[in-house]
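Here the structure is laid out as structure tokens; the discussion comes afterwards.
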Amino acid sequence: SGVLTLKLGQYETYVINKQIWLSSPISGPKRYGYVRATNDWRYSRDGEELSAHMERELSETLGRGVRLGMRQVSDLPYISFEIVR
């Protein structure tokens, strides 16, 4: 269906659709646009990169470091999820 849903059990649920709209229980809705020069998705209002935003919120929520492994658009089909101890 073109939707990536990340459910964290008792914590929160994040939803990213194919248009790169993020619905966050912490920061609310955000739309990310592709930046060809950096091959990534950035929020137009503050320039924050999508995976940096997600890693920060997830790390705060879970109380430990999280790396999603999706720094560039070309990496998106190969997203990895790692909780750093």
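Read the figures in this text as sums done on the coordinates, not as results from a lab. Keep in mind that what you see is a predicted model, and the values were worked out from it rather than measured. Note that each Cβ is placed from the backbone with ideal geometry, even for glycine, and that neighbours are counted across all protein chains shown.
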ask   = Taking the simple approach of a point 7 Å from Cα along Cα-to-Cβ for both E48 and V15, what is their distance in nm?
value = 2.0 nm
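Please find the FRET efficiency linking L62 to T38, where r is the Cβ-Cβ separation and R0 is fixed at 30 Å, and quote it to the nearest 0.05.
On the way: r = 27 Å, r/R0 = 0.90.
Between L62 and T38 the formula returns 0.65.
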ask   = For the stretch 42-59, in order, what is each residue's ³J(HN,Hα) by Karplus, 6.51 cos²θ - 1.76 cosθ + 1.60 with θ = phi - 60°, in whole Hz (x at glycine and Pro)?
value = 10, 7, 5, 6, 10, x, 5, 7, 3, 5, 4, 4, 4, 4, 5, 5, 5, 4
